[in-house]
Amino acid sequence: MPRPSHSPTLRKAPPRAPTVAPAAVRAPRLRALDGLRLLAALMVAGYHFGGRGGEVTQAWGASPKALFPTAHAWLAYGCLGVQVFFVISGFVIGMSGWGRTPRAFFASRAARLYPAYWAAVALVTAVFALPWVAFEAVSPSDALVNLTMLQQPLGVDRVLGVCWTLWAELRFYALFALFVVVPGVTRGRVVRFCAGWTLAAAAAAGLDEPLLDLVLMPEYAPFFVGGLGLYLVHRDRRDLTAWGVVAISWLIGQHQAVAGLWHPADASAFSFRSSLVIVAVVTSGFAAVAAVALGRLGWADRPWLTVAGALTYPFYLVHEHLGWVVIDTLHHRLGLPPLPTAALTVTGLLALAWLLHRWVEQPLTPLLRRGLSATGPATAASRSQGPPPR
């Protein structure tokens, strides 16, 4: 039977191309920030090896003040590299937390911190256990607790002398995640977080309440907050509120640094520092990160600075305790002069940092990040099947 002429002809619609979400655009790497990281780490190393004046160290066999009579007075300010680190950390966390889910933020931070840290704890524990090493190792139980990075609040002996700064970093990440990442990162929420933390930390500084000091970190909060403010400036240099956050953070930060590190001159003191120089170093740290935020250090955008940034964290982890072992061997046992000993020690530790980056961080960091970012099989299956029947 012939088909009626008015009947519509059924045709298959062409298949639709699958919708592909646009790839996330990665911000260009700020290599100058990598250079600042390494400079801050070298400042801390200089302080540890030559900036402590009122003590005779076991490794040197003498006071660094006597061994480095000229450099010592400047190396004593190297401990402020920690404050510079915290400003950089605030900037980086603002940048890396923007647009991330809580799971992705947690995965990125854990993958960044733990692989090199685990390797450093294992390495220092093993070296200190050698019979010819004159430094005392922690107990096996304490060494295992150190793998959690929670040894300080638990009152456990530390394997790494610098790990107290990581405990401060962890508390900063937790506060930022709770108040900014979990509800969703926005400029307004970051500003409110900066303002609230600044006010709460200032109040805590006057209350002398241990729990508030533990959570709010009044001595370090201005540096983290200042870094966050500088990241907002990086996003919009005309943001007057962000500039206000930076200015207030600098004003409070220099005060906290002077209060914590200055004391009257004393021949037996651990180290002597001028309050004006402390203020100048803190100001220089803020100014350097501000220059990066404003794009004023584009001339320093060199590929080798990426390598410098990669070396910074593993070098920072191992430099103090392993550095003392190397110094004890080269100077105290083999009789090398102080300056070549210090230079060879820092060079050797930078080489070790490269090995840790190449053979620990490069393979394990992306592996850990993927593992922590992955959705569990049960959750993935329930999502693919849709909601349960009612």
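List of remarks:
- Condition met for R171 (closer than 24 Å to P218 by Cα, buried (at least 19 other Cβ atoms within 10 Å of the Cβ) and among the charged types (D, E, K, R)): no
- Within region 233-279, the set of residues being assigned to a loop (DSSP other than H, G, I, E, B) and modelled with pLDDT of 90 or more comprises D236, R237, R238, D239.
- Test: A300 is in contact with a Lys or Arg (Cβ under 9 Å, 6 or more places away or on another chain) and farther than 30 Å from D157 by Cβ: yes
- Filtered by the rule that a residue be under 29 Å from A66 (Cα atoms), buried (at least 17 other Cβ atoms within 10 Å of the Cβ) and either over 29 Å from the mean Cα position of the chain (by Cα) or not aliphatic (A, V, I, L, M) (or both), region 329-362 gives T329, L330, H331, H332, L336, P338, T341, T345.
- Residue in region 41-75 that is farthest from F86 (Cα to Cα), counting only those that are assigned to a loop (DSSP other than H, G, I, E, B) and without any contact (Cβ under 8 Å) to a residue 60 or more places away in the chain: A62
- H331 being touching a residue at least 24 places away in the same chain (Cβ under 8 Å) and in contact with a Gly (Cβ under 9 Å, 6 or more places away or on another chain): yes
- A290 in a helix (DSSP H, G or I) and within 21 Å of the chain's Cα centre (by Cα): yes
- Residues being surrounded by 15 or more Cβ atoms within 10 Å (Cβ to Cβ) and more than 19 Å from F105 (Cβ to Cβ) - total across region 192-214: 9
- Residue within region 85-106 that is closer than 29 Å to G335 by Cβ, of a type outside the set (D, E, K, R) and surrounded by fewer than 20 Cβ atoms within 10 Å (Cβ to Cβ) present: no
- Subset of region 111-163 [in a loop (DSSP other than H, G, I, E, B) and without any contact (Cβ under 8 Å) to a residue 12 or more places away in the chain]: A129, L130, P131, W132, E136, T148, G155
The values are calculated or read from the model by the stated rules, or taken from the named source; none is laboratory data. All values reported here derive from a predicted model rather than from experimental measurement. Ideal geometry is used to build each Cβ from the backbone, glycine not excepted, and the neighbour counts take in all protein chains shown.
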